[in-house]
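Just below is one structure, and these are the notes that go with it.
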Amino acid sequence: MAAPQHVKKLLTIASILLCLALPARAQETAPAPFDGDLARLAEIMGALHYLRAVCGPNEGQKWRNELQALIDAEAPNGERRRKIVAGFNRGYRGFQQTYRTCTPAADLAIRRYLDEGAKIAREITARYAN
């Protein structure tokens with residue numbers, strides 16, 4: 001099972017990302033240079049939403065709520081929102097089709113996704129924070 005500090009680390013970095021980098025873009029409709037990274041981050045959140053429920057610390061709606069905060073800050077409507085939501089759903093469904101119970105591979109995927117999500121959030125914040 002993934003260590004709780006990984007979850008806290010990812011959520012803290014995601015919060016920083018939302019506070020510093022994204023609100024300035026919320027009013028814009030043009031694609032942002034980090035839209036691909038946001039779609040990947042959303043996909044990771046979708047995977048975590050499913051896998052964390054299967055592998056123990058059922059966190060309820062934590063990852064869906066994090067996605068909603070990301071959408072509210074960055075893409076309240078339009079194509080950007082659609083891409084972020086599609087990424088989340090792709091991540092969720094991809095693992096839903098594969099894992100019905102927690103396995104060592106699912107646990108490893110959780111740890112890798114927590115690390116990758118934290119890295120993406122750090123990189124976006126470092127490059128685009130005001």
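Derivation of every value follows stated rules applied to the coordinates shown; laboratory data play no part. Keep in mind that what you see is a predicted model, and the values were worked out from it rather than measured. When we count neighbours, we look across all protein chains shown, and the Cβ atoms used for this are built from the backbone with ideal geometry, even at glycine.
Compared with the alpha-carbon gap, the fully stretched path from A105 to K119 is longer by 3.0 nm at 0.36 nm per residue.
Classify the stretch 75-130 as rounded, prolate or oblate from the Cα gyration tensor: take a ≥ b ≥ c as the square roots of its eigenvalues, call it rounded if a/c is under 1.5, otherwise prolate when a/b beats b/c and oblate if not. Oblate, because a/c is 1.5 or more while a/b does not exceed b/c. Multiplying the residue separation of E59 and R82 by 0.36 nm and removing their Cα-Cα distance gives an extension gain of 5.8 nm. For A126 and A30, the FRET efficiency from 1/(1 + (r/R0)^6), where r spans their Cβ atoms and R0 equals 22 Å, is about 0.50.
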